[in-house]
Amino acid sequence: EWADRKKQGFPVPIRFWLREEKYYNIVKEYFTSDYAKEFFEECVNIDYVQEGDVFASLADCYKKGGDTVKAMETLNNGFIKYPLSQSILVGLINIYMETNEEPSKLVELLKTAQSNEPENPSLYYAEGNVYVKLADYPKALEAYKKSAEVDPNYFWALFSEGKTYYDWAVDIQN
């Protein structure tokens, strides 16, 4: 009986679609388009910023257009008003990692994001990556170990810990 009934609505909830890279990328393309950027700019102008999320979305539009300076400025303006917004923090972290600017500022942002979301292993992993770039291997290992402690199944934490030991040994040998 159920199999023969006419289907109504989405046969698969949209949240499941968005987990598939193909559909996620389609939606992301719309939300980072010039068309979307106009709406996000207007939202910021009228102070309809959804606890800071609109700043992060607008910054994504600028980044997609190649304007990392404007993206950074937008995120910093949002961070001043919403220092606990995880979407703004993650946006800032990503830009600082991509541009390799101010590693100390990046570590500070990561610590803030970790305090907001202590069960997210990727934040500790990202911190470890920053310390590797600074050749501060003991701090990198500490961050990777924390990442693995938060989620023992997080592959990148364990992999990076081993790689860091290797890289450190190579540096010592050279």
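Here the contact order of region 70-144, divided by its residue count and restricted to Cα pairs under 8 Å and six or more residues apart, works out to 21 percent.
Helix-only mean residue ellipticity at 222 nm, the chain, DSSP H runs n ≥ 4 weighted -39,500 (n - 2.57), per residue, nearest 500. What is it? Don't skip to the answer; put the middle values down first.
On the way: 10 runs with 127 residues, N = 174.
Result for the chain: -23000 deg cm²/dmol, rounded to the nearest 500.
Estimated translational diffusion coefficient (Stokes-Einstein, Kirkwood radius over Cα pairs, 4 °C, 1.567 mPa s) of region 30-116: 101 µm² per second. Per residue, the solvent-accessible area of region 20-174 (1.4 Å probe, heavy atoms of protein chains only, all protein chains present) comes to 60 Å². Taken over the chain, the convex hull of the Cα atoms encloses 175 Å³ per residue.
Give the ranking of L18, L110 by solvent-accessible surface, highest area first, calculated with a 1.4 Å probe.
So the residues, ranked largest to smallest area, are L18, L110.
Working from Cα positions, state the angle (0 to 90°, nearest 10) between the long axis of helix 68-81 and the longest principal axis of the chain. Helix 68-81 sits at roughly 80 degrees to that axis. Straight-line cross-link reach from K63 at under 24 Å between alpha-carbon atoms covers these lysines, not counting any fewer than eight positions away in the same chain: K22, K28, K37, K81, K105, K111, K133.
Normalised by the number of residues in the chain, the average gap of Cα pairs under 8 Å and 6 or more apart makes the relative contact order 11 percent.
Count neighbours as other Cβ atoms within 10 Å of each site's Cβ, and list the trypsin sites (Lys or Arg not before Pro) in region 19-96 that are DSSP loop with at most 15 such neighbours.
Sparse-neighbourhood loop trypsin sites (Lys or Arg not before Pro): R19.
Helix 121-133 axis versus longest C-alpha principal axis of the chain: approximately 40°, rounded to the nearest ten. Please report, as a whole percent, how much of the solvent-accessible surface of the chain comes from carbon and sulfur atoms (probe radius 1.4 Å). Answer for the chain: carbon and sulfur cover 55 percent of the accessible area. For region 29-78 versus region 131-174, the spacing of their alpha-carbon centroids is 34 Å. Taking Cβ atoms as reference points and 15 Å as the exclusive limit, the residues near L92 contribute a net charge of -4, counting Lys and Arg as +1 and Asp and Glu as -1. What angle do you read, to the nearest 10 degrees and between 0 and 90, between the alpha-carbon axis of helix 21-31 and the longest principal axis of the chain? Orientation of helix 21-31: about 80 degrees from the principal axis. Among the GluC sites (Glu not before Pro) found in region 76-174, those both in a DSSP coil and sparsely packed, with 14 or fewer other Cβ atoms within 10 Å of their Cβ, are E101, E119.
The values are calculated or read from the model by the stated rules, or taken from the named source; none is laboratory data. Not measured: the values here are computed from a predicted model. When we count neighbours, we look across all protein chains shown, and the Cβ atoms used for this are built from the backbone with ideal geometry, even at glycine. Please note that ligands, DNA and RNA were not included when accessible areas were found on the heavy atoms of the full protein model with its side chains. Shrake-Rupley method; radii C 1.70, N 1.55, O 1.52, S 1.80 Å.
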